[in-house]
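Written below as structure tokens is the structure these notes are about.
Readers should treat all values here as calculations from the given coordinates under stated rules, not as data from a laboratory. Values in this document were obtained by computation on a predicted structure and should not be read as measured data. Backbone-built Cβ (ideal geometry, glycine too); neighbour counts: all protein chains shown.
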Amino acid sequence: MSCSAEREKELAGQGWTRQFMATEPRLGEAARQYRELGFEVLLEPVDPAACQRQGQCAACFEHPEAAARLKVIFTRPRAAAGEKTAPDPATPVKLLT
């Protein structure tokens with residue numbers, strides 16, 4: 001979950017890279033573009049309480065229905081057929097605009 005250092009550390013250990021937080025329609029557009037670029041995509045919910053505990057801005061979370069629409073996009077490269085490991089996740093990726 002966004003703002004949860006423990007969850008983000010767990011995901012990083014599995015090869016996931018945090019990209020950004022979004023709502024629809026940008027959420028779906030970005031997820032589709034990452035998939036088209038060959039990445040696996042994971043959408044994680046936001047944990048408003050964790051954000052507040054870390055002293056981060058939580059104004060978006062004042063309305064629970066709005067907060068529920070926010071998701072954090074995580075990506076990791078898909079391993080190509082025949083490869084044992086995926087490419088280096090530190091390689092920068094540009095979204096198509």
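Could you give the length gained on full extension between LYS9 and HIS63, defined as 0.36 nm per residue of separation minus the Cα-Cα distance, in nm? Let's see the in-between values first.
Numbers: separation 54, 0.36 × 54 = 19.44 nm, distance 2.75 nm.
Full extension of this stretch gives 16.7 nm more.
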Task: Dipole magnitude (debye, nearest 20) for region 5-77, charges at Cβ of Lys, Arg, Asp, Glu - done: 140
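To make sure I understand, if each residue's beta carbon is the centre and we count other beta carbons within 10 Å, what order do PHE20, PHE61, PHE74 fall in, fewest to most? Could you put the intermediate results ahead of the total?
Numbers: PHE20 13, PHE61 19, PHE74 24.
So the residues, fewest neighbours to most, are PHE20, PHE61, PHE74.
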